[in-house]
Amino acid sequence: MDTINTTNSQLVKSFNNADLYFSNDHNSVLIVKSTQNYIPENQFREIFNYVTDTVLLKNKVKKLVFDKRSLSVFNQPSMEWYYTQWKKKASSLGLKVHRKILPNDDLFNKSVKIGREGITAKYPDAAFNNLDIQYRDSLEEAISS
């Protein structure tokens, strides 16, 4: 199940740069799949605020899978907001397990690693440090782990 299709998922909402799905195999798994090579910060916040303000309030989501494979560029301010503010709010709503799928792009992945290390150093006591955050190579692995 490395691609999302209507047999194994249900579309929740479509945005300009990402789609949200529930996994039919695991009802408590929400998948955020990027659909473009870049998500501007305002749209990134819109997508993830929708997750906390609508999806998490109405559903018992236990795991979020963020499939970033279409991305070739990421926005560091978006990443910092996502880790320090959004994950704190999501955690308060019961979401403690996060899986990420990165693109097959060494430079992008190195940039993400450096960005996350910087955020961790800057915010050593932030809520995200207590969450189960792991990287996986496929959608199937991310959902099942």
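The numbers here are math on the coordinates, done by the rules we state, and not lab data. None of these values were measured; they are calculated from a predicted model. Here the Cβ is made from the backbone with ideal geometry for all residues, glycine too, and neighbour counts use every protein chain on show.
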Quiz item: What is the residue count in segment 21-69 for residues that are without any contact (Cβ under 8 Å) to a residue 24 or more places away in the chain and of a type outside the set (S, T, N, Q)?
Solution: 3
Quiz item: Could you count how many residues in segment 102-145 are assigned to a strand (DSSP E or B) and either touching a Pro at 6+ places or on another chain (Cβ under 8 Å) or closer than 18 Å to ASN75 by Cβ (or both)?
Solution: 0
Practice problem: Being assigned to a helix (DSSP H, G or I) and of a type in the set (Gly, Ala, Ser) is the filter; apply it to segment 59-94 and report the residue that is nearest to PRO40 (Cα to Cα). | Solution: SER78
Practice problem: Considering only segment 113-127, state which residues are surrounded by 13 or more Cβ atoms within 10 Å (Cβ to Cβ) and within 15 Å of LYS87 (Cβ to Cβ). | Solution: GLY115, ARG116, ILE119, THR120, TYR123, ALA126, ALA127
Practice problem: Identify the single condition in (1) in contact (Cβ under 8 Å) with a residue 40 or more places away in the chain; (2) farther than 21 Å from VAL73 by Cα that GLY94 does not satisfy, given that it satisfies every other one. | Solution: (1)
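For every residue, the table says whether it meets (1) acidic (Asp, Glu); (2) exposed (fewer than 15 other Cβ atoms within 10 Å of the Cβ); (3) over 24 Å from SER9 (Cα atoms).
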position	(1), (2), (3)
LEU30	no, no, no
ASN42	no, yes, yes
ARG45	no, no, no
ASN49	no, yes, no
LEU57	no, yes, no
PHE66	no, no, no
PHE74	no, no, yes
PRO77	no, yes, yes
SER91	no, no, no
